[in-house]
Amino acid sequence: MRHEVFNEAGERDLVFVLGWGNRIEHGNVQWLVDRLVDADYRVTVFQIPTVVTDFETEWVKPIAEYVDGLENYRLLSHSTGGLIAEYLEGAEYRVYLSPWWGFHDDMQNPIVSLALKVPLSWSILPTGGIDREMLGELATDRQLEETPSRIAPTFLREAKRAQAHLPPFQFSDRSAVFYTPDDAVVSAAAIRERAPEANQVVYEGGHQLFDSPSREEHVETVLAALEEGRAALE
């Protein structure tokens, strides 16, 4: 799994787990990383594989081994990264951006149900398309071009299995969950059901907060929640 460290001299460690299809070099990912660096974090960004056959071995284990070597750290995650984050331990504070804790209603169909039973690790299933309306108006042309247009059945199977075995929501006093009610990628209902209302921050403008026109409005709250957890939302 690819990862990159920014601001080696930062006073505190922060681990940022990206979502499916996000790349470290994408401009709006870097926009958020820059804000974290400005807050004097030593930021380690993980770019997850888009094709996996085992959730624990290929997604969780590489990051878990890394954070085990940190004395303490904050954890920021987005989308599929938010699913992975629930299987990581040791973070002082956690911020989730549009975590993929449940399949969107559009994915509740016979084709996806069948795909979950097919053990193919090839990207053969069309995503149906990703556009700015889904991700956020600030999504770049490069970002849209580099987002995979197909997914592997094993990716869906492993994500579904991880969602089905999520532990109870923990660290409610040390967590914040940002999401948009109109999310077209993940289930907003699953987020509302899993996270206590006091931990939720609602925003408008697409699945990816860093692509949303409202990002400037919320980035300071993200940073505050990484420092204070739920208390930053009160």
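Read-outs throughout are calculated quantities, based only on the coordinates presented, and are distinct from any laboratory measurement. Because the structure is predicted, anything quoted here is derived from the model rather than measured. Quick reminder, even Gly has a Cβ in these numbers, built from the backbone with ideal geometry, and neighbours come from all protein chains shown.
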Where labels lie 7 Å past Cα in the beta-carbon direction, separation of Ile124 and His104 in nm: 2.4 nm
Neighbour-count order for Ser175, Ser77, Ser214, fewest beta carbons within 10 angstrom listed first: Ser214, Ser175, Ser77
FRET efficiency for Glu133 and Glu71, using Cβ-Cβ distance with R0 set to 45 Å, rounded to 0.05: 0.60
Point-charge dipole on Cβ atoms (K/R +1, D/E -1) for segment 113-234, about Cα centre, debye to 20: 940 debye
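Using the reciprocal of the averaged 1/r over all distinct C-alpha pairs, how large is the Kirkwood radius of segment 137-234 in Å?
On the way: mean 1/r = 0.0656 Å⁻¹.
For segment 137-234, inverting the mean 1/r across all distinct Cα pairs yields 15.3 Å.
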Computed magnitude of the charge dipole of segment 2-233 (debye, nearest 20; Cβ of K, R +1, Cβ of D, E -1): 820 debye
Axial C-alpha extent at least 15 Å, average Kyte-Doolittle at least -1.0 - helices from the chain (DSSP): 27-38, 153-164, 215-228
For segment 109-171, convex hull of alpha carbons as volume per residue, Å³: 138 Å³
The chain, relative contact order [Cα under 8 Å, separation at least 6], %: 22 percent
Qualifying GluC sites (Glu not before Pro) in segment 51-146, DSSP loop, other Cβ atoms within 10 Å at most 12: Glu71, Glu89, Glu137
Dipole of the chain, positive end: most advanced residue of Pro181, Val5, Val43 [Cβ charges, Cα centre]: Pro181
Label point at Thr140 placed 7 Å out along Cα→Cβ; residues across segment 13-31 whose backbone nitrogen lies under 12 Å: 23-31
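If each residue's Cβ is checked for other Cβ atoms within 10 Å, how do Lys117, Lys61 rank with the fewest at the top?
Ranking Lys117, Lys61 by Cβ neighbours within 10 Å, fewest first, gives Lys117, Lys61.
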Simple label model, 7 Å out from Cα along Cβ direction - Arg150 to Phe169, nm: 3.8 nm
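Using r as the Cβ-Cβ distance of Val5 and Glu193, and R0 as 41 Å, what FRET efficiency do you calculate, to the nearest 0.05?
In this case the efficiency is close to 0.70.
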Arg161 paired with Thr221, simple spin-label distance in nm, labels 7 Å along Cα-to-beta-carbon: 3.6 nm
Per-residue Cβ neighbour rank within 10 angstrom, fewest leading, Leu70, Leu32: Leu70, Leu32
